[in-house]
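Reading through the structure tokens given below for one structure.
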Amino acid sequence: MTTTPTAPAPLQEQFDATIARDQRIEPRDWMPDGYRKTLIRQIAQHAHSEIIGMQPEGEWITRAPSLRRKAILFAKVQDEAGHGLYLYSAAETLGADRADLTERLIEGRQKYSSIFNYPTPTFADVGVIGWFVDGAAICNQVPLCRSSYGPYARAMVRICKEESFHQRQGYELLLTMMRGTEAQREMVQDAVDRWWWPSLMMFGPPDGDSPNSAASMAWKIKRHSNDELRQRFVDMTVPQAEKLGVTLPDPDLRWNEERGRHDFGTPDWSELQRVIRGDGPCNTERVARRRSAHEEGAWVRQAAAAHAARRAARAEKEVAA
Ligand code: BYC
């Protein structure tokens, strides 16, 4: 582990030893600036992804085909708001300010996951998001439950339990559609074709082009590389696709006996870069919607702050009396 020239040596040694022992760093502990910055960057991006991620599926709440599907979708989207909340709270333990993070998001100064910049034209998209996107999230996030920063790791435990439930609801929705009409089966296949490659891109650029991985892995924030987790996702998803009766849109996808894993094609990395830069199919509308929700919610935040101040003043008076 590198020691920054300005780091107080005993504190740096203590930090390094805690990481080496696989123990947790807590908010009260000294930590290198780079570690704090990396965590704020990743946790904030993750929180923004949960909140922006409410939009593509949320569009189907009013149009869900039955009351049961509407109730399920409502609950899922609400869970995502909760995930955002845990994650912003974890970022706040590092000294970040939630209002500032939101400003950075709506001004385009902070990123969120590329996957949420794709449209959801049919109800099958809701199922495929649950199956692929929540499935990818599980592959990526289960190892984050062992991340070295305590508040992040603990937030991930609860999030992963919910993601796992979300993935199953998506798969169950698709199983139901596949048992339906020919038109429904076609709708599922079309959604699979559109979401497969963007889902592989969720794991980030290939390891050779991932500038943050080396430090994040040395600090045990990330436990596996982007490519390792992408491979896990492919291996997990192929048998599920077979059971469902859909084809994954990759002519190079095949089992490699020697590696004991699947070989698969190369995603279009220029597309990932474009989407990250803000030039995906829905970037503009996603950020505009987030901005207007933030602006329209100003009075709620003001009212909540005034209420909290009044309660605090009352509690203080009671203590003094
Ligand atoms: N999209 O050096 P790299 C969910 C950026 S929400 C956009 O490999 P790192 C859900 C990356 O930030 C799940 N940007 O970075 C919600 C970096 O840029 P900066 C969201 C991406 O951090 C609702 C640059 O590219 N999950 O599950 O080591 C409904 C170079 O990359 C992307 C998380 O946030 C991308 N796909 O690794 C349903 C998981 N990929 O910051 C479901 C937590 C890369 O240097 N995050 N970039 O300017 C992580 O695990 C890691 O941050 C990543 C990237 C694996 C994503």
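Observations, loosely collected:
- Of the residues making up segment 243-263, those that are farther than 19 Å from Leu229 by Cα and in contact (Cβ under 8 Å) with a residue 12 or more places away in the chain are Leu244, Gly245, Val246, Thr247, Pro249, Pro251.
- Residue within segment 17-36 that is closer than 30 Å to Thr122 by Cβ, among the hydroxyl-bearing types (Ser, Thr, Tyr) and at pLDDT 95 or above present: no
- Qualifying residue in segment 154-163 (condition: at pLDDT 95 or above, out of contact with any His (no Cβ under 6 Å at 6 or more places or on another chain) and surrounded by 21 or more Cβ atoms within 10 Å (Cβ to Cβ)): yes
- Residue in segment 86-98 that is within 13 Å of the chain's Cα centre (by Cα), within 13 Å of the ligand (Cβ to nearest atom) and buried (at least 24 other Cβ atoms within 10 Å of the Cβ) present: yes
- For segment 145-152, the criterion of being under 19 Å from Gly280 (Cα atoms), in a helix (DSSP H, G or I) and over 12 Å from the mean Cα position of the chain (by Cα) is met by no residue.
- Matching residues in segment 75-118 - criterion: being within 18 Å of Pro151 (Cβ to Cβ) and among the aromatic types (Phe, Trp, Tyr): Tyr86, Tyr88
- Residue within segment 281-291 that is assigned to a helix (DSSP H, G or I), β-branched (Val, Ile, Thr) and surrounded by 11 or more Cβ atoms within 10 Å (Cβ to Cβ) present: yes
- Residue in segment 138-150 that is without any contact (Cβ under 8 Å) to a residue 12 or more places away in the chain and either away from the ligand (no atom under 12 Å from the Cβ) or in contact with a Lys or Arg (Cβ under 6 Å, 6 or more places away or on another chain) (or both) present: no
The values are calculated or read from the model by the stated rules, or taken from the named source; none is laboratory data. As the structure is a computational prediction, the values presented were derived from the model and not from experiment. All Cβ positions, glycine included, derive from the backbone under ideal geometry; neighbour counts span all protein chains shown.
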